[in-house]
Amino acid sequence: MRRVYITGIGQTSVQEHWDRSARELAASTILEAMEQAGIQKADAIYVGNALSGELTGQENVAALVADFAGLTGTEAIRVEAAGASGGAAVRLGYLAVASGVQDTAIVTGVEKMSDLTGPSVEEALATSTDEEYEAIHGLSLVALNALVMRRYMHQFDVERRDFAHFSVNAHRNAANNPYAMFRRPITVEQFEKSRLVADPIGLLDSAGAGDGAATIILCSEEEAGGRANSSVEIISSSLATDAVALHDRSNPLFLRAVYDSAQKAYEQAGVGPEQIDIFELHDASAILAALSLEASGFASEGQGVRLAMQGEIALEGSIPICTMGGLKGRGYPVGAAGVYQVVELVQQLRGEAGANQVDARLGMAQSIGGTGATAVTHILKAPE
Amino acid sequence: MSLAKHWRMQSQRYRLLGVRCEDCGAKLLPRRLVCPQCKSSNLRPHHFGGEGTVYSYTVMYDAPSGYDGLVPYPAALVQLDDGPLVAAQLTDVDIDEVYIGMPVEMVTRRLREYGESGMIVYGYKFRPRLKDHL
């Protein structure tokens, strides 16, 4: 397998881009990233997108994005894995370059969510659950997370307000990220008082929908040439799946797909959780963040929330998470999230994170689809 | 709105019909082609009794289209006495009365409608076991 470098990044702000369509959002970030990487073309484009058909009536997304980015004719494929679509697109781009089949790959994540509102968006998000056995019962994706949270609270003697530390940390970091959607800090009290979406998950515990696109340029060592030494490298990549329905999991409080993909990623990189300096995890809700920390080896079973309560997830803590806001603070354009995570890690590892800068050598990005059906993990290394 | 999609689910939704693995004895709902525990394809129909306890619960406030007129409504993961976990709404119960461990039983109720003149989909929900309320 060849070494894979990230030579360019691009991102839009996450917000309700009333005036911009998905193809525009995606294309603008492709142009930005290509310019940074100093390239005019690529061997392929991998487009991470979860809900284009559901939310905008548009499929055939990859060809569309290629054409509107001025790359008509380029090999282009859309990758869908619900909330892990962006991470899965990074995986395919990595596989293409690492295997030697391609030299330069563009990976773009894009989601346009603001054309619909409320119940229609909940219905679209529910397509990542088991349609025949979960969605049909009127259970939203948030409700399934709520079921896990309620059981976790019962089993590990944790209260609802203890989960606040994830959101407080996310918003605190988002305040310094000019691309983030929610830039006002929040308090534990505000978290507790926020209205319920699906008990016990409240509005300030649930990552909000937004529009956005992010792009990375991947290339081989040879292709990168003189840039390789100053480029962030992807040193491992792994994707695993688990049963889609929560009730089909062997233990609903254990994210097996996260565990499997994290283990393989650590093995491939030759490191353990102790060597990870930043963890951009999939904080669609605080319970998912807590369980991700546990399944990835940063906390033992039932201790993920306590890790947050002790301040270890903050920028100055032992395992900073969501350093640019995470899904909660940056906003959550579903299919784009996995690519935003990598873009933000690149900023950190290059020393371009501004006020949120963490002294980091290794960063881990992890994306989850549905309630844990797909998990994809990448470990990135700072330039020497 | 698909007639066929709901028609083919009737036996599972009205009668909790799952499968039993003849090789390892696992009882599975929903029914599958391959046993997730021992990988056998030797699976035969199994009728679940419908009694269980609440493993976890929630109350829906922000519901998807088709259900938003019904909020707030309680839903749960129910641990059937026969083994498997199943996701369903709770019914005939005050949302303040629900607790983890509450004994429940299956009933057949309306799950959703497709508009005023569209089809009505029925399926399983769970209510507190009647004998415990007398």
Inset, instruction - Only helices (runs of 4 or more DSSP H) wholly contained in segment A:163-243 count here; list those with 2 or more residues that are closer than 20 Å to A:ARG150 by Cα. - result: A:164-174, A:188-193
Inset, instruction - List the number of the failed condition for A:ALA126; all other conditions in (1) crowded, with 24+ Cβ neighbours inside 10 Å; (2) at the interface with chain B (Cβ under 8 Å from one of its Cβ atoms); (3) more than 20 Å from the chain's Cα centre (by Cα); (4) not charged (D, E, K, R) hold. - result: (3)
Legend entry - helices (runs of 4 or more DSSP H) (entirely within segment A:23-115) containing at least 2 residues that are in contact with a Leu (Cβ under 7 Å, 6 or more places away or on another chain): A:85-98
Legend entry - segment A:8-36: number of residues that are over 22 Å from A:ALA124 (Cβ atoms), of a type in the set (Gly, Ala, Ser), in contact with a helix residue (DSSP H, G or I) (Cβ under 8 Å, 6 or more places away or on another chain) and in contact (Cβ under 8 Å) with a residue 60 or more places away in the chain: 2
Inset, instruction - Would you mind listing the strands (runs of 3 or more DSSP E) fully within segment B:19-134 where at least 1 residues are away from chain A (no Cβ under 13 Å), surrounded by fewer than 20 Cβ atoms within 10 Å (Cβ to Cβ) and at pLDDT 95 or above? - result: B:43-47, B:51-60, B:103-113, B:120-128
Inset, instruction - Would you point out the residue of segment A:93-117, among those that are of a type in the set (Gly, Ala, Ser) and closer than 15 Å to A:PRO333 by Cα, that is surrounded by the most Cβ atoms within 10 Å (Cβ to Cβ)? - result: A:GLY109
Inset, instruction - Consider A:GLU132 carefully, then state whether it is acidic (Asp, Glu) and over 20 Å from the mean Cα position of the chain (by Cα). - result: yes
Inset, instruction - State which residue pairs qualify: first residue away from chain B (no Cβ under 14 Å) and inside segment A:246-260, second residue surrounded by 20 or more Cβ atoms within 10 Å (Cβ to Cβ) and part of a helix (DSSP H, G or I) in any location, beta carbons under 6 Å apart, and separation of 6 or more residues or different chains. - result: A:LEU255/A:LEU291; A:LEU255/A:ALA295; A:VAL258/A:SER292; A:VAL258/A:ALA295; A:TYR259/A:ALA295
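The values are calculated or read from the model by the stated rules, or taken from the named source; none is laboratory data. Model, not experiment: these values are computed from the prediction. No Cβ is skipped: glycine too gets one built from the backbone with ideal geometry, and neighbour counts run over all protein chains shown.
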